[in-house]
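Asker: Following this message is one structure expressed as structure tokens.
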Amino acid sequence: MENKNFRFETEAIHSGYSSTEHQGSLVPPLYQTSTFTFSTAEQGERRFVGQEEGFIYSRLGNPTVKILEDRMAKLEQGEAALAFSSGMAAVSAVLTALTKTGDHILCSQGVYGCTFGLLQLLKGKYHIGHDFSAMTTREMIEKDLQPNTSCIYIETPINPTMKLVDLELVATIAKQRGIPVVVDNTFCSPYLQTPISHGCDVVIHSATKYICGHGDVIAGVIIGKSDFIEQVSRTTQKDMGGIISPFDAWLLLRGLKTLPVRMDRHCENASMLVGFLQNHPKVESLYFPGQSDYENDHTIMDKQMKKPGGLLSFSIKGTKETAQLFMNQLNLIKIAVSLGDAETLIQHPATMTHAVVPEEERRKMGIEDTLLRLSVGLEAWEDIKEDLEQALAKI
Ligand SMILES: Cc1ncc(COP(=O)(O)O)c(C=O)c1O
């Protein structure tokens, strides 16, 4: 195919793949193999020392996985990408690559529960400290950075409070100090937000979510500069081994083709439900990018997000038990963690995704016992609304 830059929707389908290099196969072939044969012993030697390009063993690289990585790099506007067996394998590879004993990580006010768990592990075992920061002003960021801060780790929108972080502001300050900025872009997918284009250095995805879109794969991807990706590929990934399987990469390539169409529908459905929930007498508060009471969020959203996304959180009037009673009344909406699937999913962060976060810390992150997170699916929004409506009527 002609080497030209196409629009996002076209790149999501074609980027990184040329059928002429694969017997004309329209769809990228699945190279379901653990290893690759060398035609001679000398060729094996040349590949191992890097004198000749070519595949060696699927933990070190695989053609189907490579197509996925090239496509993700293109969509995130990065130079290169690396795929992993899970989002957490990707998070841990990046954090271990960017830190050493005695370093410090500055994090956004909230992070996914298992990322929080990993930060505890790094602190307890390797003396790599961390702090959380609201990162709302230049002064606050500068005050919270330590002399030993070796990376800044951001989720935006923050899971599950939907608070936004100004990527350009953080990246500008970090650049002045030579500190890499890592962004977990899982909630947005590259269709809604491309952190590298705002000056950030590394993007992480739990590809389990919108990238896959069908709820049948656990995977992760990182995107960044070629030298960083190469370094992770040859160290943390190769030696710790959290690689993706070729079949899962193949499923992700399939999912990616419909990412823009799916995201548009997720966003439309979520916006319709926000209108309904915002005015419901049994709903205490609602959190949705650009619609929450957080100062400046609307401006930040306009600056860095194409649309508000397909996730929303809301708190129910009452107690934890009221929230659980409400969940138990739902029929169409499934009670499950994860997000970005065709099915609408609801979960209770305080007892599920963020259960590992101690209560005091959870409250600082804004995770109340009555807070629920809804991953709005692709069903007819009226059916989702009616399910919410009947369950709210029963509490
Ligand atoms: C924002 C975010 N980051 C990372 C992860 C971890 O991804 P995985 O479950 O694919 O390991 C999740 C999982 O829910 C997540 O929501």
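The values are calculated or read from the model by the stated rules, or taken from the named source; none is laboratory data. Remember, predicted model here, so these are calculated numbers, not experimental data. All Cβ positions, glycine included, derive from the backbone under ideal geometry; neighbour counts span all protein chains shown. Quick note on the areas: whole protein, heavy atoms, side chains included, nothing else; ligands and nucleic acids left out. Shrake-Rupley method; radii C 1.70, N 1.55, O 1.52, S 1.80 Å.
Asker: Could you list all residues from region 171-205 that are in a helix (DSSP H, G or I) and not hydrophobic (A, V, I, L, M, F, W, C)?
Answerer: THR172, LYS175, GLN176, ARG177, SER189, PRO190, TYR191, PRO195, SER197, HIS198
Asker: Of these, GLY255, GLY213, which one is of a type in the set (Gly, Ala, Ser), assigned to a loop (DSSP other than H, G, I, E, B) and either open to solvent by less than 20 Å² (accessible area, probe 1.4 Å) or farther than 30 Å from LEU392 by Cβ (or both)?
Answerer: Only one candidate qualifies: GLY213.
Asker: Return yes or no: is ALA350 within 25 Å of the chain's Cα centre (by Cα) and surrounded by 15 or more Cβ atoms within 10 Å (Cβ to Cβ)?
Answerer: Spelling it out, ALA350 is indeed within 25 Å of the chain's Cα centre (by Cα) and surrounded by 15 or more Cβ atoms within 10 Å (Cβ to Cβ).
Asker: Taking GLU168, is it open to solvent by 60 Å² or more (accessible area, probe 1.4 Å), in contact with a helix residue (DSSP H, G or I) (Cβ under 7 Å, 6 or more places away or on another chain) and part of a helix (DSSP H, G or I)?
Answerer: Criteria met by GLU168.
Asker: Regarding ILE128, is this residue closer than 16 Å to THR236 by Cβ, among the hydrophobic types (A, V, I, L, M, F, W, C), without any contact (Cβ under 8 Å) to a residue 60 or more places away in the chain and more than 16 Å from the ligand (Cβ to nearest atom)? Break it down into steps so the answer makes sense when it comes.
Answerer: Details: closer than 16 Å to THR236 by Cβ: yes; among the hydrophobic types (A, V, I, L, M, F, W, C): yes; without any contact (Cβ under 8 Å) to a residue 60 or more places away in the chain: yes; more than 16 Å from the ligand (Cβ to nearest atom): yes.
Spelling it out, ILE128 is indeed closer than 16 Å to THR236 by Cβ, among the hydrophobic types (A, V, I, L, M, F, W, C), without any contact (Cβ under 8 Å) to a residue 60 or more places away in the chain and more than 16 Å from the ligand (Cβ to nearest atom).
Asker: Residues ASP369, ASP383: which one is assigned to a helix (DSSP H, G or I), more than 15 Å from the ligand (Cβ to nearest atom) and of a type in the set (D, E, K, R)?
Answerer: Residue meeting the stated conditions: ASP383.
Asker: Can you confirm whether region 227-239 contains a residue that is within 16 Å of the ligand (Cβ to nearest atom) and either among the polar types (S, T, N, Q) or farther than 23 Å from ASP70 by Cβ (or both)? Let's see the steps before the verdict.
Answerer: Looking only at region 227-239, we keep the residues that are within 16 Å of the ligand (Cβ to nearest atom), and these are 236-237.
Checking the rest, the ones that are also either among the polar types (S, T, N, Q) or farther than 23 Å from ASP70 by Cβ (or both) come to 236-237.
Yes; the residues of region 227-239 include at least one that is within 16 Å of the ligand (Cβ to nearest atom) and either among the polar types (S, T, N, Q) or farther than 23 Å from ASP70 by Cβ (or both).
Asker: Filter the helices (runs of 4 or more DSSP H) completely within region 19-119 down to those with at least 2 residues that are within 16 Å of the ligand (Cβ to nearest atom) and out of contact with any strand residue (DSSP E or B) (no Cβ under 8 Å at 6 or more places or on another chain).
Answerer: In region 19-119, 87-98 are the helices (runs of 4 or more DSSP H) which contain 2 or more residues that are within 16 Å of the ligand (Cβ to nearest atom) and out of contact with any strand residue (DSSP E or B) (no Cβ under 8 Å at 6 or more places or on another chain).
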